[in-house]
């Protein structure tokens, strides 16, 4: 089996495991339950007047929600990105694709990420693992990922823990910041750095922004744990034990949002990691995120129904919850929501 064959097989494994196994983080929570939106019994606005729109990457979103990077790169999951993209286009949201490494290595897999034909208007984010910049990738591969899907921005994801647990993991992270800085300077689109579920500290976020990174997706702990996902791919008891030891590792989503916003007041911050409702979206924005992102719920709807309708229905619930949360806390728009003081639960 070639390296790319292993990458493709891993893609299919990940989708199956995320949907079929208990891969939620253990012993750590996102922190959303620690906060409450203050109830306004007499809001001075009508529900129909609540405006959830915003501008992201130069395009208008109908709501501050990104369907986050999940999949692509295997023929048996190609329909997932298409269903997600159709739903996102229909609702006026944003979307990121999963890591495009497989298609950079094998161009015949590019179609599993190419969704512009069904989503011409959405902000669309390309995606590569940042660590690949220490394994022969450079500006050219990043440009290819962007051009492959006609992306508006490039995500470089950081997944040190996941790579450390994977039997085939890439763990050479030394000197990576300098390579990220080179990409930021030479690609034609904004670069967003995201974690995959263990969070980014304020200090690391500042180092990244100082290197030219445009936005930070905190991808905090408390939602899906990729060490737990990799636990189900282990082939021996030692591997299972080591993976399980890190089920509670990371920075909770809410802490990451608050801490990064405190040191980077002008940087785009995406709040993700266990965002499971529109109420969580509202809390993320009130804590300092510009928009929120969700992954697993949309993935489940796409796979279980193999169609766009279920994805739209699930995302519509998020949007309705967000709108009602804003209405019932007296926030007529996102600017007001950003200024809202949350209550401790």
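The values are calculated or read from the model by the stated rules, or taken from the named source; none is laboratory data. Because the structure is a prediction, the values reported are computed rather than measured. Every residue, glycine as well, gets a Cβ built from its backbone with ideal geometry; the counts of neighbours run over all protein chains shown.
Points worth noting:
Residue by residue, here is whether (1) without any contact (Cβ under 8 Å) to a residue 40 or more places away in the chain; (2) touching a helix residue (DSSP H, G or I) at 6+ places or on another chain (Cβ under 7 Å) holds:
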| site | (1), (2) |
| --- | --- |
| 178 | yes, no |
| 182 | no, yes |
| 185 | yes, no |
| 194 | no, no |
| 199 | no, yes |
| 205 | no, yes |
| 210 | yes, no |
| 219 | no, no |
| 222 | no, yes |
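- Residues in the stretch 152-176 that are under 23 Å from residue 117 (Cα atoms) and touching a residue at least 40 places away in the same chain (Cβ under 8 Å) were compared, and the one that is surrounded by the most Cβ atoms within 10 Å (Cβ to Cβ) is 155.
- Boolean, residue 37 is crowded, with 19+ Cβ neighbours inside 10 Å, farther than 27 Å from residue 192 by Cα and touching a helix residue (DSSP H, G or I) at 6+ places or on another chain (Cβ under 6 Å): yes
- Residues in the stretch 134-147 that are crowded, with 19+ Cβ neighbours inside 10 Å and either within 20 Å of the chain's Cα centre (by Cα) or farther than 21 Å from residue 226 by Cβ (or both): 3 in all.
- Any chance residue 229 is farther than 28 Å from residue 277 by Cα and in contact (Cβ under 8 Å) with a residue 24 or more places away in the chain: no
- Pairs with Cβ under 7 Å, 6+ apart, first in the stretch 295-321 and on the phi > 0 side of the Ramachandran plot and buried (at least 18 other Cβ atoms within 10 Å of the Cβ), second assigned to a helix (DSSP H, G or I) and modelled with pLDDT of 95 or more: none
- Residue 267 being more than 29 Å from residue 10 (Cβ to Cβ), in contact with a helix residue (DSSP H, G or I) (Cβ under 7 Å, 6 or more places away or on another chain), crowded, with 24+ Cβ neighbours inside 10 Å and touching a residue at least 40 places away in the same chain (Cβ under 8 Å): no
- Qualifying residue in the stretch 249-264 (condition: in contact with a strand residue (DSSP E or B) (Cβ under 8 Å, 6 or more places away or on another chain), over 25 Å from residue 23 (Cβ atoms), surrounded by fewer than 22 Cβ atoms within 10 Å (Cβ to Cβ) and touching a residue at least 60 places away in the same chain (Cβ under 8 Å)): yes
- From the list 242, 229, the one residue that fits, being at negative phi and crowded, with 21+ Cβ neighbours inside 10 Å, is 229.
- As a summary of the residue check, residue 222 satisfies the conditions (1) buried (at least 22 other Cβ atoms within 10 Å of the Cβ); (2) touching a strand residue (DSSP E or B) at 6+ places or on another chain (Cβ under 6 Å); (3) on the phi < 0 side of the Ramachandran plot except for the one numbered (3).
- The single condition among (1) at negative phi; (2) surrounded by fewer than 18 Cβ atoms within 10 Å (Cβ to Cβ) that residue 212 does not meet is (1).
- Counting only residues that are touching a helix residue (DSSP H, G or I) at 6+ places or on another chain (Cβ under 8 Å), in a strand (DSSP E or B) and surrounded by 22 or more Cβ atoms within 10 Å (Cβ to Cβ), the stretch 109-130 holds 4 of them.
- The test for being surrounded by 15 or more Cβ atoms within 10 Å (Cβ to Cβ), under 21 Å from residue 116 (Cα atoms) and touching a strand residue (DSSP E or B) at 6+ places or on another chain (Cβ under 6 Å) holds for residue 189.
- The set of residues from the stretch 308-345 being modelled with pLDDT under 95 and either assigned to a strand (DSSP E or B) or more than 21 Å from the chain's Cα centre (by Cα) (or both) comprises 309, 344, 345.
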